[in-house]
Amino acid sequence: MARRKRSRKAQRKAEVPLRRSCGAMAAHMLLLERFPSFRAAQMRLEGATTRQRETRTDLRQARVVTIKTVVNVVYNTPEQNISQQQINSQISALNKDFRATNSDKSQTPAPWQGLVTDTRMKFSLAKVVRKKTDVAAFSHDDGVKRASSGGVAPTTPNTHLNIWVCPLGGGLLGYAQFPGGPSSTDGVVINYRAFGTMGTAQAPFDKGRTTTHEVGHYLNLRHIWADTPDCGGSDNVADTPNCAGPNFGRPTWPKISCNNGPNGDMFMNYMDYVDDVAMFMFTTQQVLRMRTALEAARSGLM
Ligand SMILES: [Zn+2]
């Protein structure tokens with residue numbers, strides 16, 4: 001009996017990915033194929049971002065915006081029906097990270113400390129929707145966002161950030177929809193094992209940073225290595241050093257790639273793949289990109 005209990009526990013543990021994996025780019029490619037207008041909307045936003053970069057002077061004067069947030073809990077087992085406190089712990093973590101009041105930002109290497117920037121965005125919980133599902137694990141195909149596939153549709157996605165918390169298969173911690181896509185699937189999806197800072201959240205993804213990362217995508221940020229297998233890509237952000245690929249775990253600084261010495265990869269950026277305790281900053285140009293996405297493509301949230 002005791003042995004069986006242990007092995008069941010071991011099985012549950014195996015659900016937690018050992019390293020970060022995000023499905024945002026895979027979901028993005030699917031949507032670009034299905035919705036040609038999405039590509040046009042993304043190009044318009046890129047143009048608006050370039051203009052902002054050339055003209056905008058001071059992000060510190062931007063209005064503080066509170067983004068109303070809906071959390072959709074889609075659970076297959078009772079454990080996955082996470083508590084209100086766990087949801088609150090995620091909103092609190094998001095608010096610290098997006099206002100740059102997270103205490104671990106002090107670990108930012110000296111050459112980059114001046115880049116740590118407050119987005120002047122806050123999140124307030126507007127509603128929690130709970131739904132029991134027969135689906136054991138969802139994927140990046142947006143099944144969790146439709147009742148017909150065992151999920152639940154978003155609540156007023158033009159004016160509210162929708163977050164789905166559910167079991168995700170394939171080692172995925174989360175994924176997001178970039179701005180300009182169909183509203184019926186707009187929002188971010190987070191593995192219940194990587195949501196909030198307590199309850200079902202499990203180390204090394206128990207500081208709420210998976211949601212910070214996915215909301216970064218939702219506000220048009222790319223991975224800092226640009227999802228290319230070499231040094232050829234760009235995240236369209238000038239103050240994140242060019243780097244070769246994702247970093248995992250808890251790297252030691254500096255870590256050089258793509259001739260980016262002496263400071264190396266900015267692996268402590270929220271848009272890399274390191275563990276939650278190893279990521280703690282957005283840069284000024286990333287914040288400009290997110291503010292432009294908010295004001296130009298997601299103004300309903302304001
Ligand atoms: Zn990602």
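Of note:
- Residue, farthest from THR210 (Cα to Cα), within segment 245-302, restricted to residues that are crowded, with 19+ Cβ neighbours inside 10 Å and among the β-branched types (Val, Ile, Thr): THR292
- Cβ-Cβ under 8 Å pairs, at least 6 apart or on other chains, segment 213-230 side more than 18 Å from MET281 (Cβ to Cβ) and away from the ligand (no atom under 12 Å from the Cβ), far side assigned to a loop (DSSP other than H, G, I, E, B) and aliphatic (A, V, I, L, M): ASP230/ALA244
- Long-range neighbours under 9 Å by Cβ, at least six apart or interchain, first residue part of a loop (DSSP other than H, G, I, E, B) and surrounded by 15 or more Cβ atoms within 10 Å (Cβ to Cβ) within segment 59-72, second among the hydroxyl-bearing types (Ser, Thr, Tyr) and at pLDDT 95 or above: ALA62/THR119
- Residue within segment 266-273 that is of a type in the set (S, T, N, Q), within 16 Å of the ligand (Cβ to nearest atom), closer than 17 Å to SER106 by Cβ and at pLDDT 95 or above present: yes
- Filtered residue count, segment 179-212, keeping only those that are more than 16 Å from the ligand (Cβ to nearest atom), among the polar types (S, T, N, Q) and in contact with a helix residue (DSSP H, G or I) (Cβ under 6 Å, 6 or more places away or on another chain): 4
- Filter pass, ARG222 being open to solvent by 60 Å² or more (accessible area, probe 1.4 Å), in a loop (DSSP other than H, G, I, E, B) and of a type outside the set (A, V, I, L, M, F, W, C): no
- Residues located in segment 150-178, provided they are assigned to a loop (DSSP other than H, G, I, E, B), within 16 Å of the ligand (Cβ to nearest atom), open to solvent by 10 Å² or more (accessible area, probe 1.4 Å) and at pLDDT 95 or above: LEU172
The values are calculated or read from the model by the stated rules, or taken from the named source; none is laboratory data. As the structure is a computational prediction, the values presented were derived from the model and not from experiment. When we count neighbours, we look across all protein chains shown, and the Cβ atoms used for this are built from the backbone with ideal geometry, even at glycine. When the accessible area is computed, the model is the full protein with side chains, heavy atoms only, and any ligands, DNA or RNA have been set aside. Shrake-Rupley method; radii C 1.70, N 1.55, O 1.52, S 1.80 Å.
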